[in-house]
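The values are calculated or read from the model by the stated rules, or taken from the named source; none is laboratory data. What you see is a predicted model; the values in this text were computed from it and never measured. Neighbour counts are summed over all protein chains in view; Cβ atoms, including those assigned to glycine, are modelled from backbone coordinates with ideal geometry.
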Amino acid sequence: MKQIALLIPTLDRIGGAEQQVLLLAEGLNRRGWRVTVVTLSGTGGEAPVRLQTAGVGFLSLRMRKGLADPRGWIQLNRWLRQEMPDVVHAHLPHAAWMARWSRLGVPVRVLIDTIHTTATGTCGRKLGYRASNWLADRVSAVSCGVADAWSAANMVPGELLVVIPNGVDVRTWRPDAAVRSSIRAELKIEKEFLWLAAGRLEPVKDYPTLFWAFATMPESGRLLVAGSGPLQAELIQLTRALEIENRVRFLGFEPDLRRWMQAADGFVLSSRKEGLPMAVLEAASCGLPAVATGIPGTREAIVDGQTGILAKAVGSAIAMEGAMTRLMRMPESESAAMRQRAREHIVEHFSLEAALDRWEALYTELLLRNTEPKRWG
């Protein structure tokens, strides 16, 4: 039985990257891999119980000072030496650097790390990747947009880079008419167009542009905002200033987005940067078309005019309002066809099983090339 360690900074907060790691861990376990998820810090929240139920191991290094905490390095090296996983697969920068430099102390057969965002970050991040690329066997990007951004910044050499998109469990994320009726009855929504936005309340998601756009739209629209974050109080105040507080509902952090997606009529994403937005993929899998800013990553998740609508200008309330109004005013026959195409697009290109197939193919290729553990890529 092949063994894999999946490293990630934390599972205390579940975003797109964290959710993908959980899905990958569970999926590989079903396919016969021995899987352990290793976090650098935190307790993992509710994730360890979910992983244990699926038969997946969990280890937190409980690091408190970021990468400067020597206890985490010692514990990780000890664990790697004891367990000797065939593959170490790290996600996000801090986990990637830790996995890479730990290889000098403990040889491993295959080391991969995955980039989840087009944001290339600070000079320190750029230097960190450039200085340690020689320790990785392969670097993956979740979208072509991510790969292009990091290649343009000279952070990852082309011969190391491969694109493997995120995957969605299309059997779980699917339309459900009964849930739709129940939630809409609970919300007392009949003919109103129900929008759903999801994501942390922070600057990169650009909720102010969304709210300004929504304020100029027909009053028959309603907007649910799922997420928490440092801008919550400021955004609530903005809805009051725009006099849309009666049409916008903040749900807070919502662990089960699926039922809201099954109830909504449209998903909306006003982000300024994305890697490959999981929420857009999940919404489409539920037959929910999206309106989103036409940025790298999002352009790969939405076929403009076919599975959703792209706003042409980032940070433009006018562009966002135009795209949202177009979806709202779409005849029912066209809307139904778009919902169907949205789901078909995810099933064909972004299913979890397809993603697992791609990962297993890459792991197998690299394991055949590296028959013995080694200290560098």
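Checking PRO373 against (1) crowded, with 22+ Cβ neighbours inside 10 Å; (2) of a type outside the set (Asp, Glu); (3) modelled with pLDDT under 95: exactly one of these is not met. Which one?
In the conditions (1) crowded, with 22+ Cβ neighbours inside 10 Å; (2) of a type outside the set (Asp, Glu); (3) modelled with pLDDT under 95, PRO373 misses (1) alone.
Kindly indicate whether any position in the range 241-248 is assigned by TED's automatic domain parsing to the domain that holds LYS191, part of a helix (DSSP H, G or I) and surrounded by 17 or more Cβ atoms within 10 Å (Cβ to Cβ).
no
Quick one: which of GLY128, GLY167 is within 18 Å of the chain's Cα centre (by Cα) and small (Gly, Ala, Ser)?
GLY167
So, restricting to helices (runs of 4 or more DSSP H) that lie completely within the range 253-309, which ones have at least 2 residues that are touching a Cys at 6+ places or on another chain (Cβ under 8 Å) and of a type outside the set (S, T, N, Q)?
Helices (runs of 4 or more DSSP H) meeting the threshold: 258-263.
Filter the range 151-174 for residues that are out of contact with any helix residue (DSSP H, G or I) (no Cβ under 8 Å at 6 or more places or on another chain) and either aromatic (Phe, Trp, Tyr) or over 24 Å from GLU18 (Cβ atoms) (or both) and give the result.
Hits for the range 151-174 are ALA152, GLU159.
Being closer than 30 Å to GLU332 by Cβ and buried (at least 20 other Cβ atoms within 10 Å of the Cβ) is the requirement here; does LEU196 meet it?
Yes, satisfied.
Hey, among ARG138, ARG184, ARG180, which residue is within 30 Å of ARG100 (Cβ to Cβ) and in contact (Cβ under 8 Å) with a residue 12 or more places away in the chain?
After ruling out the rest, the residue left standing is ARG138.
Quick one: which of LEU80, LEU104, LEU92, LEU59 is in contact with a strand residue (DSSP E or B) (Cβ under 8 Å, 6 or more places away or on another chain) and farther than 19 Å from GLU18 by Cβ?
LEU80
In the range 327-368, which residues are under 30 Å from ARG103 (Cα atoms), without any contact (Cβ under 8 Å) to a residue 60 or more places away in the chain and not aliphatic (A, V, I, L, M)?
Matches in the range 327-368: ASP357, THR364, GLU365.
Kindly provide the set of residues from the range 1-21 that are crowded, with 20+ Cβ neighbours inside 10 Å and outside any loop (DSSP other than H, G, I, E, B), ordered by number.
ILE4, ALA5, LEU6, LEU7, ILE8, GLY16, ALA17, GLU18, GLN20, VAL21
Checking LEU224 against (1) surrounded by 15 or more Cβ atoms within 10 Å (Cβ to Cβ); (2) under 23 Å from LEU24 (Cβ atoms): exactly one of these is not met. Which one?
Going through the list (1) surrounded by 15 or more Cβ atoms within 10 Å (Cβ to Cβ); (2) under 23 Å from LEU24 (Cβ atoms), LEU224 breaks only (2).
Could you say which residue among LEU310, LEU281, LEU288 is at pLDDT 95 or above, within 20 Å of LEU352 (Cα to Cα) and over 14 Å from the mean Cα position of the chain (by Cα)?
Answer to the selection: LEU288.
Give the residues of the range 235-277 that are closer than 15 Å to VAL204 by Cβ and either aliphatic (A, V, I, L, M) or out of contact with any Phe, Trp or Tyr (no Cβ under 7 Å at 6 or more places or on another chain) (or both), sorted by residue number.
Within the range 235-277, LEU235, LEU269, SER271, ARG272, LYS273, GLU274, GLY275, LEU276, PRO277 qualify.
Please specify each residue of the range 141-154 satisfying the condition of being assigned to a helix (DSSP H, G or I) and either in contact with a strand residue (DSSP E or B) (Cβ under 8 Å, 6 or more places away or on another chain) or free of Cβ contacts under 8 Å to residues at least 40 places away in the same chain (or both).
Within the range 141-154, CYS144, VAL146, ALA147, TRP150, SER151, ALA152 meet the criteria.
Out of the residues in the range 1-13 that are among the hydrophobic types (A, V, I, L, M, F, W, C) and under 19 Å from ARG62 (Cβ atoms), which is modelled with the lowest pLDDT?
It comes out as LEU11.
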